[in-house]
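Structure first, then comments.
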Amino acid sequence: MEQDGFIVVLRDSERLEDVPQYFLDKYLLEIDKTIDGLQASLWPLNNFIHENPELAFEEHKAHDALTHFMRSCNGWQVTTSAYGMETAWVAVYDSGKAGPVVSFNAEMDALPNLGHACGHNLIATASVAAGLATAEMIKRHDLPGKVVVFGTPGEEGVGGGKIRLLEAGAYKGVDISLISHPGILHNSPLVRTTAFARLEVEYFGRAAHAANSPWLGVNALDAVVIAYNAVSVLRQQTMPSDVIGMSITNGGAAPNVIHAYAAGVCVIRASSASRLQELRQKVSACFRAGAEATGARVEIKIIRGYADHVPNRVLAASYTKYWNLLPDLPDPRIPSGDEYTWVKASTDQGNISYAMPSVNASFAIPPGLQAGQPHTPDFEEASGTKEAFLRALRVGKALAGTAVDVLRIPGLIDKITDQWRRDMDAIKEQRIDIV
Ligand SMILES: [Zn+2]
Ligand SMILES: [Zn+2]
């Protein structure tokens with residue numbers, strides 16, 4: 001039986017319908033074998049990163065280990081300390097023939113006091129495995145195009161390593177970006193994350209004796225309290241997917257003075273970058289209300305967070321196809337149809353998804369004893385297990401299948417780009433789904 005140029009030899013007792021579909025997809029079969037063949041070298045690398053957690057932009061050991069490994073692979077051009085960041089790196093495998101440029105992002109950073117409790121070691125493993133398997137397919141099947149693996153530092157906090165790479169031009173000419181993230185709840189390539197920003201507010205009043213001559217003062221603390229209350233009132237009129245948190249970071253001086261200075265911080269989250277913008281304006285209005293009521297001068301500093309992640313449906317369809325074809329399908333299943341998986345967290349891959357078609361696939365690893373989610377000690381332990389590593393390899397296979405589809409199926413990149421343009425237009429016009 002010949003299908004897509006690949007010959008399946010059936011034994012006498014076998015009928016075609018009994019042959020698992022997986023064996024009929026020659027690329028997937030080869031990707032599967034390629035990544036299985038890398039297991040022995042990727043496991044120590046994954047383990048090394050997990051056991052040597054490093055904070056955002058300090059991922060020196062991970063940077064050195066990963067670039068050393070990529071350099072040992074045939075045909076890869078590796079740039080260390082790329083684009084002005086010591087721990088960023090780029091590895092390129094070029095077919096030498098014009099075609100799509102596919103890319104994978106490899107995160108490396110850990111959390112303060114929690115080690116790899118976000119499982120970024122697994123993200124690096126999945127992306128490196130996918131990059132290598134894609135290159136192998138280019139080599140074996142004479143495919144056109146290029147594959148790039150980016151070592152992307154500083155995802156945790158508001159580091160935004162990918163935003164810095166984007167702004168430095170690292171993704172110029174890159175057609176698609178693929179990445180994954182571990183958790184314990186979902187297997188899904190249609191992941192939407194929240195957009196977030198941080199607003200810092202300061203009020204400058206005038207000090208006066210609180211008993212003697214309070215009428216000479218301008219109370220900055222009152223301004224913060226009014227702002228806090230205004231934000232609390234605003235919360236009733238927000239959307240279910242909006243989140244506003246506020247704290248008072250400076251509540252004035254001694255109680256017997258009129259406070260000359262007070263300050264607060266708001267962190268806001270929304271389902272899209274445009275909704276975040278609206279929310280930002282509403283919260284800023286609450287801040288100004290405090291100033292208006294008291295006469296204090298207000299200064300608002302907006303610290304850019306991350307955009308929401310907009311997944312590309314065409315890329316996600318390839319991912320789902322390969323995930324489901326691979327043997328030993330794990331639970332939970334990828335939701336059927338076009339259902340989004342909403343994750344109330346933020347990532348700088350969101351900003352990438354506004355620059356080019358992107359998939360940020362969630363994958364479930366076997367949970368720890370307390371079924372701890374990311375950012376817990378339990379998840380830190382779970383993300384260091386062999387089982388979690390094997391799940392990351394499965395992700396790498398599905399990601400490689402997706403990238404190889406883009407390189408080998410004529411016109412697929414145009415469909416992907418059209419879908420991305422439609423998504424961006426929908427967001428601009430606010431035709432977005434809200435949970
Ligand atoms: Zn995290
Ligand atoms: Zn993370």
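The values are calculated or read from the model by the stated rules, or taken from the named source; none is laboratory data. Computed from a prediction, not measured in an experiment: that's the story for all the values here. All Cβ positions, even for glycine, are placed from backbone atoms using ideal geometry, and neighbour counts span all protein chains on display.
The table below lists the values:
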{"item": "Selection from region 145-197 of residues that are of a type in the set (S, T, N, Q) and within 16 Å of ligand 1 (Cβ to nearest atom)", "result": "T152, S180, T193, T194"}
{"item": "Criterion violated by I416 - all others in (1) out of contact with any Ser or Thr (no Cβ under 8 Å at 6 or more places or on another chain); (2) aliphatic (A, V, I, L, M); (3) surrounded by fewer than 21 Cβ atoms within 10 Å (Cβ to Cβ) satisfied", "result": "(3)"}
{"item": "Some residue of region 126-136 being over 15 Å from Q349 (Cβ atoms) and part of a loop (DSSP other than H, G, I, E, B)", "result": "no"}
{"item": "Lone qualifier among L369, L329, L399 - being part of a helix (DSSP H, G or I) and modelled with pLDDT of 95 or more", "result": "L399"}
{"item": "Scope region 317-345; condition surrounded by 23 or more Cβ atoms within 10 Å (Cβ to Cβ) and within 21 Å of E155 (Cβ to Cβ); matching residues", "result": "Y319"}
{"item": "Hey, K139 surrounded by fewer than 20 Cβ atoms within 10 Å (Cβ to Cβ), more than 30 Å from G372 (Cα to Cα) and either away from ligand 2 (no atom under 16 Å from the Cβ) or not assigned by TED's automatic domain parsing to the domain that holds A317 (or both) or not", "result": "yes"}
{"item": "Selection within region 38-59 - over 18 Å from M85 (Cβ atoms) and of a type in the set (A, V, I, L, M)", "result": "L38, A40, L42, L45"}
{"item": "Elements of type strands (runs of 3 or more DSSP E) in region 225-305, at least 1 residues being on the phi < 0 side of the Ramachandran plot, out of contact with any His (no Cβ under 6 Å at 6 or more places or on another chain) and free of Cβ contacts under 8 Å to residues at least 40 places away in the same chain", "result": "243-250"}
{"item": "Filter result for the condition that a residue is among the charged types (D, E, K, R), at pLDDT 95 or above, assigned by TED's automatic domain parsing to the domain that holds S95 and within 20 Å of the chain's Cα centre (by Cα), over E380, E387", "result": "E380"}
